[in-house]
Ligand SMILES: Nc1ncnc2c1ncn2[C@@H]1O[C@H](COP(=O)(O)OP(=O)(O)OP(=O)(O)O)[C@@H](O)[C@H]1O
Ligand SMILES: [Mg+2]
């Protein structure tokens, strides 16, 4: 929608008045507070003039109500929160944006179908309260995706850190780097999220080394953080909160499925008030997810899509009953849909995507699918009776 200058100036004025009343004249505030105020006024996008006072990474100074910036209203457009030149980016911030666009507000994904804990998660993040949330569940069932999409829908910035055993205080809080012959301290993603009032996503936290992540302890209490190396005290800005995802509950993986996961410190886990247990989607929801993926790929085949979901459902039930050691995740079903787009052959697509499992599992998965789909062609050379005999799950 194109708006004329007078309307734009009026919209900007209203927004400035609301923000100035709330945070003080010409206050410098994080972008998400501006988005939230715009939303309250019913604006789909905030007027461009509001973003003219960029005052650092993700921070904006509210224009003064009498200032020039207001009269020179610029066209309404979605705003790129991060527009740093590459070397400035290195200097300002070391953030993992893996999986997200360079704008720290993730983009809405039309293929996302909300289910399970999504509404609770959105409620928690929507309050802008500091309320650390732990999401645990099997691999590939939408934990990370749901946090990303909750933030997209709420227009909240998110900084994602993917944990490994090597992740330490230097990666999280920051450290000294050599720049143009000088050592300078660079704030890490945790400090940046605190300063911006963003959502800090500690992805796969149970892969972290419990001793090396203890620096997060006071941050998980919502308190400030004293950076020992610089003597600076960082207070979290309103809106800052933490969401952690993990395949375990931080107690290790008894069955060895999630190798590399660690037993996290009990006091660390105690700092998360709530834990969401993420299950695989129901059959009905997963059919919606997969049908949408097929349609998006331009290979609409509802029959195949729905058979795949039924197949995955039987496999999961058998897994929970202890009849088999592996599962088919939602992520794997999406992989199969893509393989089908490439190979245009149901059985080939399934074979390519289940090759990662051991021989017995692979054969039994394949065998089950052929029972569900009478139309599928089984190539003799790919299917040995011998291996079927070895694997005998309860279907
Ligand atoms: N609610 C959903 N709507 C649409 N697609 C989904 C949904 N949940 C999961 N998927 C599909 O499954 C994929 C895997 O999701 P995601 O990466 O969030 O899993 P995860 O639970 O974080 O897995 P891991 O524990 O391995 O990190 C997504 O990329 C998407 O294709
Ligand atoms: Mg994940």
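Just so you know, all these numbers are worked out from the coordinates, no wet-lab data involved. Being a predicted model, the structure only gives us computed values, none of them experimental. Backbone-built Cβ (ideal geometry, glycine too); neighbour counts: all protein chains shown.
Between residue 251 and residue 10, what is the label-to-label distance in nm when each label sits 7 Å out along the Cα-to-Cβ direction?
Roughly 6.1 nm, to one decimal.
Could the peptides 312-325, 145-158, 178-191 be put in order, highest first, of the mean number of other beta-carbon atoms found within 10 Å of their residues? Don't skip to the answer; put the middle values down first.
Details: 312-325: 16.3, 145-158: 22.0, 178-191: 14.6.
Put in order of decreasing packing, that is 145-158, 312-325, 178-191.
On the principal axes of its Cα set, how long, how wide and how thick is segment 114-212? Give whole Å, largest value first.
Cα extents, longest axis first: 51, 27, 20 Å.
Report the full-extension gain for the segment residue 153 to residue 355: residue separation times 0.36 nm, less the Cα-Cα distance, to one decimal in nm. Please list the in-between numbers first.
Values: separation 202, 0.36 × 202 = 72.72 nm, distance 3.65 nm.
Full-extension gain reported as 69.1 nm.
Between residue 267 and residue 119, what FRET efficiency follows from the Cβ-Cβ distance if R0 is 22 Å, with the result rounded to 0.05?
Details: r = 30 Å, r/R0 = 1.36.
It comes out at approximately 0.15.
Order of 245, 167, 275 from fewest to most other C-beta atoms within 10 Å? Write out the running numbers ahead of the final one.
On the way: 245 24, 167 20, 275 15.
Sorted ascending by nearby Cβ count, the order is 275, 167, 245.
Which value, to two decimals, describes the C-alpha radius of gyration of segment 190-330 once divided by 2.2 N^0.38 Å? Can you show the working numbers first?
Values: Rg = 20.3 Å, N = 141, 2.2 N^0.38 = 14.4 Å.
Scaled against compact globular proteins, the figure is 1.41.
Relative to the present Cα-Cα distance, how much length would full extension add between residue 182 and residue 65 at 0.36 nm per residue of separation? Provide the component values of the computation, followed by the final result.
Numbers: separation 117, 0.36 × 117 = 42.12 nm, distance 4.15 nm.
Result for the pair: 38.0 nm of gain on full extension.
Please give the length that would be gained between residue 295 and residue 345 if that part of the chain were fully extended, namely 0.36 nm times their separation in residues minus their C-alpha to C-alpha distance (nm, one decimal).
Working: separation 50, 0.36 × 50 = 18.00 nm, distance 1.64 nm.
This chain segment gains 16.4 nm when fully extended.
Between residue 338 and residue 302, what FRET efficiency follows from the Cβ-Cβ distance if R0 is 22 Å, with the result rounded to 0.05?
On the way: r = 17 Å, r/R0 = 0.76.
The computed FRET efficiency comes out at 0.85.
Take peptides 198-211, 224-237 and line them up by average Cβ neighbours within 10 Å, highest first, as a rough protection proxy. Let's see the in-between values first.
Numbers: 198-211: 23.2, 224-237: 13.5.
Packing order, densest peptide first, comes out as 198-211, 224-237.
Does anything in segment 344-362 have its amide N under 19 Å from the 7 Å Cα→Cβ label point of residue 374, and if so which residues?
Counting only backbone N, you get 346-347.
Could you calculate the FRET efficiency of residue 221 with residue 317 from 1/(1 + (r/R0)^6), where r is the beta carbon distance between them and R0 is 56 Å, rounded to 0.05?
Numbers: r = 41 Å, r/R0 = 0.73.
About 0.85, to the nearest 0.05.
Out of all Cα-Cα pairs in segment 118-278, roughly what percent, to the nearest whole number, are more than 25 Å apart? All intermediate terms of the calculation are to be shown ahead of the outcome.
Details: 3702 of 12880 pairs.
Tail fraction, whole percent: 29.
Looking at segment 283-372, I'd like the Rg to Rh ratio, where Rg is from alpha-carbon atoms and Rh is Kirkwood's inverse mean 1/r.
Numbers: Rg = 12.3 Å, Rh = 13.0 Å.
Rg divided by Rh gives 0.94.
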